Each structure stands twice: as C-alpha cells, then as structure tokens.
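Comments concern the structure below.
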Amino acid sequence: MLLLLGLALGGRGAGAFLVHVASSCPLAANGSVLDFNFAVVFNKNPLVCYDPDARRFVPCDWGLLHKFAASVASKLNNDTAWGQRAEARRRACHQLATHFWSSTARRRTPPQARIVPSKTGNARAPILLTCHVWGFYPAEVTVIWLRNGDVVGRGDHPAISAIPNGDWTYQTQVTLMVAPVAGDTFTCSVQHASLDQPLLEDWSPGLSPGLALKVAAATVVMALGLGFFVTGVYLYRARPPAPGYTPLPGDSYPAGSI
C-alpha cells in the first residue's frame, strides 16, 4: 500500500518523496495515556490519520493533496488489515505506557560532580572554577557555590539548563571566578531529586608548581640535615672515653672500654 502510494504521489509531480507510518501516545504527568495518534505521513506531512473514536481513517491534509488523501483514506478503510494494525498499536499504548513510564520517566539517577580550575588572566579573579555535573535524571538540578561554607552570590542562582547525554541522563556545568587565598575552600553543592542530602565537591587553592618545587627541595634538605644530626649524636655517644677518664655514677660505657 505504501509503495503504491509513493508511486502515485511521484507520478503526480511530487518529485522526491518519503512515505512512512507514524504512531504516538501522548502521556499525562502521571503516565496515563491522553491520546493516540496513527498516521500515514508524506514528506513529514500527515496525509491520512486514524480516528480512534470512529475507528476510521480520515484525510488530515487540507492542502493540495486533500483529494488524494481522501481517496487513500477510503482505500485504507476498505482494508481491514490497516484498521487492525491501528487498533493493535492503540492497545499497545495503553498496555505498555505504564511499564515504560515507571522504568524511564519515574526513575532517579544520582549525579556525579567534579571541579576543574583554570587560569583566567584576570588579576581580580585569576581562577575560573568549573563544576561539572553529569549522569543524573531527571533533568531538574540545582547547583550552588559555597566559599568557606557561605553561599556565594546569595539569591543569585538562575535556573540551570541541563543537556541530554543521549543515554537518558543529563549533564550541566556552573562556573565561578574567584581570587582564592590560603585556607579558602570552595564547594560545589548539587541538589537533585535522587539525593537525600546535597552532593558536595570541594576545591582549595594549592601551591604553584614553582613554589611546590621549592617546598619539596626544602623538605629534602631538612630531612638530610636531621639525618646527619641524629647520626652525629649517635656516634658521639658511642665513642669510647678518653684515657684516664673515671666514669661517673650512671655512665653506661661497656665493660672493658676503659
């Protein structure tokens, strides 16, 4: 039927064409089926639609192809197989909607978070903190920055747009420009329906590579100096007494060393 329909439309000067059957089940927020749609579509335009109440196909193109759509609808109504096909998909919507709704829309997947710092070149705020949040469902999520436990920019947290990952999870990121000082702790607080408590990811300013190298070198020198000092003390206490030395009470030199 679809092949004949495509040939007929092509013969009428339609040029390149694509004909396919599409069906859908719009659902309410609680997962109940609101409607059922079944249509023969020509070049993304519904040509013939199924009326589930009347259980008949009707033309749904009111343009240049209306007369042809009416003719196709009449032929589909005379073919019981097409009516049975539409009714089978209608029953599937009501039988499977609740199952798919509970396993997809009602599920909860907790997010993961990571803070990535980068330099900005801005003297006032030289560090840009980016909190990456990913792998969560549903899409609604709240991300708040804290500095030493206090909310940064209190009340200034616009709605966050989440980007779909393609695997029924979402991701987003929130940035913050800061001028950190020693002892600061910046926290990315993520609130989501899947979490009993906010997910907290911390970041604190570390040493620069040059300063870290200097601290490491100083630590090595200090360790070597302490090692030489301990060795010297041990050797000093272990040396034998000078000739003619009379040990005082409490000295513990080995017997025969005098």
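Of the trypsin sites (Lys or Arg not before Pro) found in the stretch 27-109, the ones in coil according to DSSP and having at most 14 other Cβ atoms within 10 Å of their Cβ are Lys44, Arg55, Arg106, Arg107, Arg108. The loop-placed chymotrypsin sites (Phe, Trp or Tyr not before Pro) in the stretch 39-144, going by DSSP, that have at most 16 neighbouring Cβ atoms within 10 Å of their Cβ come out as Trp62. Backbone phi angles across the stretch 33-41, fed through the Karplus curve with coefficients 6.51, -1.76 and 1.60 (θ = phi - 60°), yield HN-Hα couplings of 7, 8, 7, 9, 10, 9, 8, 9, 10 Hz in residue order; Gly and Pro are listed as x. With Cα atoms as the point set, the stretch 112-203 shows a radius of gyration and Dmax of 13.6, 41 Å.
Using C-alpha pairs under 8 Å with a sequence gap of at least 6, the mean separation divided by the residue count of the stretch 2-103 gives a relative contact order of 20 percent.
No value in this document is a laboratory result; all are computed from the given coordinates. A quick note: this is a predicted structure, and the numbers were derived from the prediction, not measured. Positions of Cβ are generated from backbone atoms using ideal geometry, with glycine treated the same way; all protein chains shown enter the neighbour counts.
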